[in-house]
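*Asks:* For reference, the structure I am asking about is given below.
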């Protein structure tokens with residue numbers, strides 16, 4: 001994304017049915033090659049594609065269990081839209 005940084009973070013208490021719905025939506029986004037993550041006022045559009053790195057991590061410690069999923073990929077180079085039409089003189 002041309003060196004720009006955009007972030008979306010959401011944390012809340014949800015039941016397993018809602019978490020399943022969120023994970024299904026993420027899966028559909030990976031299939032389509034585009035996903036929009038958002039909540040009140042925040043929105044981030046991502047375009048996953050090509051080979052992606054996946055990390056699944058789980059632990060249980062002092063009565064608390066955690067599962068985390070991280071998927072990373074390189075964004076395709078965006079064309080420089082600031083350039084005008086080419087000019088050729090002879």
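Just so it is clear, none of the values below were taken in a lab; they were calculated from the coordinates. A quick note: this is a predicted structure, and the numbers were derived from the prediction, not measured. A quick note on method: Cβ atoms are made from the backbone with ideal geometry, for glycine too, and the neighbour counts reach across all protein chains shown.
*Asks:* Which residue, 38, 63, 49, tops the fluctuation ranking in a GNM of the chain built on C-alpha contacts under 10 Å?
*Replies:* For the chain, modelled as a Gaussian network with Cα springs under 10 Å, the answer is 63.
*Asks:* Against the longest principal axis of the chain, how steep is helix 16-32, in degrees 0 to 90 to the nearest 10, with axes from Cα atoms?
*Replies:* The answer is roughly 20 degrees.
*Asks:* Related question: Given springs between every Cα pair under 10 Å in a Gaussian network model of the chain, which of 12, 31, 74 has the largest fluctuation?
*Replies:* 12
*Asks:* Compute the length gained on full extension between residue 44 and residue 31: take 0.36 nm times their separation in residues and subtract their Cα-Cα distance, giving the result in nm to one decimal.
*Replies:* Numbers: separation 13, 0.36 × 13 = 4.68 nm, distance 1.74 nm.
Answer, rounded to one decimal: 2.9 nm.
*Asks:* Taking the alpha carbon gyration tensor of the chain, what are the square roots of 5 times its eigenvalues, largest first, to the nearest whole Å?
*Replies:* Values: eigenvalues 276, 46, 34 Å².
Value: 37, 15, 13 Å, ordered largest first.
*Asks:* Another question about this same structure. Taking 0.36 nm per residue of sequence separation and subtracting the Cα-Cα distance, how much length would be gained by fully extending the chain between residue 70 and residue 56, in nm to one decimal? Provide the component values of the computation, followed by the final result.
*Replies:* Details: separation 14, 0.36 × 14 = 5.04 nm, distance 0.65 nm.
Difference between extended and current length: 4.4 nm.
*Asks:* If you don't mind, there's one more thing I want to ask. Given an 8 Å cut-off on Cα distances and at least 6 residues of separation, report the relative contact order of the chain as a percent.
*Replies:* Working: 75 pairs, mean separation 19.9, N = 90.
Result for the chain is 22 percent.
*Asks:* A further question on this structure: Please rank 35, 52, fewest neighbouring Cβ atoms within 10 Å first, as an exposure proxy. Provide the component values of the computation, followed by the final result.
*Replies:* Details: 35 17, 52 11.
Listing 35, 52 from fewest to most nearby Cβ atoms yields 52, 35.
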